[in-house]
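To keep things clear, I will list the structure first and then write my remarks on it.
The values are calculated or read from the model by the stated rules, or taken from the named source; none is laboratory data. No experiment lies behind these values; they were computed from the predicted model shown. Positions of Cβ are generated from backbone atoms using ideal geometry, with glycine treated the same way; all protein chains shown enter the neighbour counts.
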Amino acid sequence: MPLIKSISGFRGTIGGRAGQNLTPEDIVTSTAAFGQWIIQKTGIRKVVVGRDGRISGPIASALVVNTLQSLGISVVDLGLSTTPTVEIAVPLENAGGGIILTASHNPKEWNALKLLNHKGEFISAADGAEVLELATNGEIEYATVDKLGDYRQDDTYIRKHIDQILGLDLVDIESVRAKNFRVVVDAVNSTGALCVPPLLEALGCQVIVINGEVNGHFAHNPEPLKEHLGQLSTEVRLQKAHLGIAVDPDVDRLVFMCEDGELFGEEYTLVAVADYVLSRKKGNTVSNLSSTRALRDVTQKYGGEYHAAAVGEVNVVEKMKEVGAVIGGEGNGGVILPELHYGRDALVGIALFLTHLSQAGKQISTLRKTYPEYQMSKTKFDKTADIDLDKIFIALREKYRNEQINTEDGLKIDFEQGWVHLRPSNTEPIIRVYSESSSIVVAENLAKKIIQDINQIK
């Protein structure tokens, strides 16, 4: 199993050999490099640390905390938390950066170090390259015994996070409370169980939680996709709930289930939230190149401009700042509201969506039908040693030179009947192939066509 070192952070499977998996040695090396980078970059010797509910979380957290203290960096440990909560805590603590221990949607054997700058945002590509250089070739200077970092635990930030969301003008608490929504939440045995129910209760919802024990033994594949959410679908119908909610282990991705047990569609989480935000606050939107065209359509309905960014939260955030977007995110259920913070946040997504649903006065399945209908195919294949991506991209660009081509992030080809986006994953040793059209058959055929081309080129 692999160890992936990239500008996105350090990710791998627990156990095995150093340099090949995410072992204690790799965690210490990665943490030391990031800590050294923070000292050099900001001069601030303070870092916020939090983790999701993974089995390896306590061990990984102890290694991270002790390494930071050994560098002379004081640690504010949020313990079991969420990615967006840590992002909010970093600037509130005036810290030099943050580390979130989570492998996001990956299975339980994985863990990772997600790295934040002093703004509580993911570090840039340039900053990531500097951290990688320090991890590989840098000289790390540890503190003497009299200058070791302090340690403080703080479990108040989930409540602070929720309170900030409830204080937003865009969140109509009374409107949501009046609906008395019955909601089933799939917390996938991670920290969503600690934050989603209290947010919903503050909004006057009746809450039923499944997979709510925070033990890291995920009841199903933790990526919130339709094929993994059968239990949620059954429970929504059994409980006669108004809707269901599923989050990933670190609570930055969000999907909704309709009252009939059908998925609202992860691509349409951002579309629906943007529809509401734009109705109240005119402006531009951003999503990544692999996200649905429906966001473009909704944005144009309100007179705004839609912009596409390379895949990756940091790229979306940079584009949002560049174009002054009022809402943005990623089609995997990631909602970014700059008014709160520049990070994907399932909790703010829930509050905005429920406000929208309550004011629309519709069932969630009816609301879904009000949006442009696109069908997306998402597939992938292993990035093996015999795959020369540069060669493949050159050949595909030549073959489809008469189509609209975008090479900002991998290769995206816009055909008349839809588009295909081919790119290497930043977090796994795979090649992702996304395609979209007004028909799922057409979308799947577009993807198959490109994969056949690749097999011939290889």
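Return the pair list, or none, for Cβ contacts closer than 7 Å from residues in the stretch 438-458 that are farther than 14 Å from Lys380 by Cα to residues that are in a helix (DSSP H, G or I), at least 6 apart or on different chains.
Asp453/Leu396; Asp453/Lys399; Ile457/Lys391; Ile457/Ile392; Ile457/Ala395
Show the residue pairs meeting these rules: Cβ distance below 6 Å; 6+ apart or different chains; first residue within the stretch 269-286 and more than 23 Å from Glu322 (Cβ to Cβ); second residue in a loop (DSSP other than H, G, I, E, B) and at pLDDT 95 or above.
none
For the stretch 289-335: of the residues being among the basic types (Lys, Arg) and touching a Phe, Trp or Tyr at 6+ places or on another chain (Cβ under 7 Å), which is surrounded by the fewest Cβ atoms within 10 Å (Cβ to Cβ)?
Arg296
Output yes when any residue across the stretch 72-86 is out of contact with any Lys or Arg (no Cβ under 8 Å at 6 or more places or on another chain), at pLDDT 95 or above, farther than 16 Å from Ser190 by Cβ and not basic (Lys, Arg), and no when none is.
no
Which members of the stretch 120-167 meet the condition of being β-branched (Val, Ile, Thr) and either loosely packed, with under 14 Cβ neighbours inside 10 Å or in a helix (DSSP H, G or I) (or both)?
Hits for the stretch 120-167 are Val131, Thr136, Thr144, Val145, Thr156, Ile158, Ile162, Ile165.
Would you mind stating whether Gly244 is surrounded by fewer than 24 Cβ atoms within 10 Å (Cβ to Cβ), farther than 13 Å from Val348 by Cβ and not hydrophobic (A, V, I, L, M, F, W, C)? Step through it out loud before you land on a result.
Details: surrounded by fewer than 24 Cβ atoms within 10 Å (Cβ to Cβ): no; farther than 13 Å from Val348 by Cβ: yes; not hydrophobic (A, V, I, L, M, F, W, C): yes.
No; evaluated as a whole, the condition is false for this residue.
Search the stretch 422-458 for residues being among the β-branched types (Val, Ile, Thr) and assigned to a helix (DSSP H, G or I), and hand back the single one that is surrounded by the fewest Cβ atoms within 10 Å (Cβ to Cβ). First the steps, then the outcome.
Our first condition is that a residue be among the β-branched types (Val, Ile, Thr); within the stretch 422-458, this holds for 427, 430-431, 433, 440-442, 450-451, 454, 457.
Now drop any that are not assigned to a helix (DSSP H, G or I), which leaves 440-442, 450-451, 454, 457.
On the way: Ile440: 14, Val441: 10, Val442: 17, Ile450: 22, Ile451: 16, Ile454: 19, Ile457: 15.
Of everything passing the filter in the stretch 422-458, Val441 is surrounded by the fewest Cβ atoms within 10 Å (Cβ to Cβ).
Out of everything in the stretch 404-418 that is in a strand (DSSP E or B) and either assigned by TED's automatic domain parsing to the domain that holds Ala308 or in contact (Cβ under 8 Å) with a residue 60 or more places away in the chain (or both), what residue ends up being farthest from Gln375 (Cα to Cα)?
Residue satisfying both the conditions and the ranking: Asn406.
Only one of (1) in contact with an Asp or Glu (Cβ under 8 Å, 6 or more places away or on another chain); (2) over 18 Å from Asp252 (Cβ atoms) fails for Gly98. Which number is that?
If we test Gly98 against (1) in contact with an Asp or Glu (Cβ under 8 Å, 6 or more places away or on another chain); (2) over 18 Å from Asp252 (Cβ atoms), just (2) comes out false.
May I ask you to list the residues in the stretch 186-198 that are surrounded by fewer than 22 Cβ atoms within 10 Å (Cβ to Cβ) and either touching a residue at least 24 places away in the same chain (Cβ under 8 Å) or outside the structural domain of Gly334 (by TED's automatic domain parsing) (or both)?
Hits for the stretch 186-198 are Leu194, Pro198.
Checking Lys282 against (1) closer than 26 Å to Ile88 by Cα; (2) crowded, with 19+ Cβ neighbours inside 10 Å; (3) modelled with pLDDT of 95 or more, which single condition isn't satisfied?
Result: Lys282 passes all but (2).
For the stretch 87-103, name all the residues that are closer than 14 Å to Gln164 by Cα and within 13 Å of the chain's Cα centre (by Cα).
Scanning the stretch 87-103 gives a single hit, Glu87.
Which one is surrounded by the most Cβ atoms within 10 Å (Cβ to Cβ), of the residues in the stretch 199-212 that are on the phi < 0 side of the Ramachandran plot and over 22 Å from the mean Cα position of the chain (by Cα)?
Filtering first and then ranking leaves Leu203.
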